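What follows is calculated from the coordinates using simple rules that are stated; it is not laboratory data. What you see is a predicted model; the values in this text were computed from it and never measured. No Cβ is skipped: glycine too gets one built from the backbone with ideal geometry, and neighbour counts run over all protein chains shown.
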Amino acid sequence: MKPSKSDHLWGYLFIAPQLVGLIVFALLPVAFGFAIGFLKWDGFGSAEFVGFDNFAFLYQDELFRTALVNTAYYTLIALPFGLALALSVALALNKVAGRMIYRVIYYMPGITSTVVVAIVWLWVLNPDFGLINAYLKDWFGIDGPRWFQDPILAMPLIAVVVAWQSLGGTMLLYLAGLQGISATYYEAAELDGATKWGKLRHITLPLLTPTIFFTVILGIIGSFQVFDQTYILTNGGPYRATYTVLMYIYNAAFVDVIWGKSSAAAIVLFFILLVFTLIQLKYSKRWVHYGN
């Protein structure tokens with residue numbers, strides 16, 4: 001039976017609250033942000049249209065290039081480490097007894113405030129009275145490094161902190177993917193004499209590729225948007241070794257109050273993430289296997 005006009009009207013009425021919320025709180029702010037990228041404006045006085053001047057400034061700005069390089073470096077560390085750690089934990093918990101309890105335990109850091117997590121890690125890795133350096137001193141008689149004050153160690157340590165906090169959520173995604181793999185594959189493989197490594201390589205990982213693909217996309221987007229941890233743990237230091245793109249955007253908007261430059265940097269970040277996502281979508285057919 002063909003829907004009547006009244007049915008269509010009721011349908012539009014039901015989706016109206018969500019549609020209005022999407023337009024007012026998502027689409028309009030995004031459009032407004034894009035528009036500001038082409039303006040010279042501090043958010044208070046009159047705005048001046050400057051075209052692509054803000055983007056030209058970013059191209060010549062050494063600080064922005066440093067932020068891009070640092071963000072890419074962080075992504076190269078955090079993404080594989082975080083995903084490999086979550087996958088390893090998921091594989092370990094997939095068949096273990098009482099896995100519901102372990103899931104809750106591993107997920108708890110993910111629902112903890114980032115500020116609280118950062119303060120705890122600052123205390124644990126404090127160079128003067130932190131637990132790690134105290135154990136190094138008592139057990140091995142050596143003085144520990146200055147951790148977050150070291151420009152070489154700071155960014156990898158931030159990647160470790162983020163991976164630890166986000167472990168639970170990513171682990172649950174992998175566990176869901178593992179639970180969706182039919183046991184008949186493993187039974188047939190055992191009849192053929194497959195080893196644990198063989199089953200992992202030829203059954204588990206190929207059938208888990210849709211979940212891996214999803215987590216890789218989310219991981220790249222999240223890595224390029226890292227801000228809370230770098231702001232609290234190092235504030236972009238030492239020597240700007242942990243100064244990321246989102247810190248650049250934040251400082252341009254709320255410290256220097258140059259909204260045009262800040263929005264232009266956000267637009268550049270948007271297109272970087274868009275390009276990475278499109279590349280992954282294009283080449284995913286080569287290695288992602290859907291369906292069991």
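Shape verdict for region 174-282, please, from the Cα gyration tensor: rounded (a/c under 1.5), prolate (a/b greater than b/c) or oblate. Show your work: numbers first, answer last.
Numbers: a/c = 4.49, a/b = 2.79, b/c = 1.61.
It comes out prolate by the Cα gyration axes.
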ask   = What full-extension length gain, to one decimal in nm, is calculated for Phe270 and Asn235 as 0.36 nm per residue of separation minus the Cα-Cα distance?
value = 10.3 nm
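In deg cm²/dmol, rounded to 500, what helix-only [θ] at 222 nm does the chain give when every DSSP H run of at least 4 residues adds -39500 (n - 2.57) and the total is split over its residues?
Here the helix-only value at 222 nm equals -20000 deg cm²/dmol.
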ask   = How large is ³J(HN,Hα), in whole Hz, for each residue of region 188-197 in order, when computed from phi with the Karplus curve 6.51 cos²θ - 1.76 cosθ + 1.60 and θ = phi - 60°, using x for Gly and Pro?
value = 5, 5, 5, 5, 8, x, 6, 7, 4, 5
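Lysine pairs in the chain with Cα distance under 25 Å, only those 8 or more apart or on different chains: how many are there? Let's see the in-between values first.
Details: Lys40/Lys261; Lys95/Lys196; Lys95/Lys199; Lys199/Lys285.
Going through the chain pair by pair, I get 4.
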query = Residues with amide H under 5 Å of Lys40's amide H, sequence separation 5 or more or different chain, H placed in the peptide plane at 1.01 Å from N; which?
reply = Glu48, Phe49, Val50
ask   = Tell me, what HN-Hα J-couplings in whole Hz come from the Karplus equation 6.51 cos²θ - 1.76 cosθ + 1.60 at θ = phi - 60° for each residue of region 80-93, using x for Gly and Pro?
value = x, 5, x, 5, 5, 5, 5, 5, 4, 5, 4, 5, 5, 8
Relative packing of 12-19, 89-96, 243-250, which averages over residues the other C-beta atoms within 10 Å, highest first = 243-250, 89-96, 12-19
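Based on Cβ point charges of +1 for Lys and Arg and -1 for Asp and Glu, what charge dipole magnitude is obtained for region 54-286 about its Cα centre, in debye rounded to the nearest 20?
620
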Correct option for volume of the Cα convex hull per residue in Å³ [calculated from the coordinates] among [x] 187; [y] 138; [z] 233 = [z]
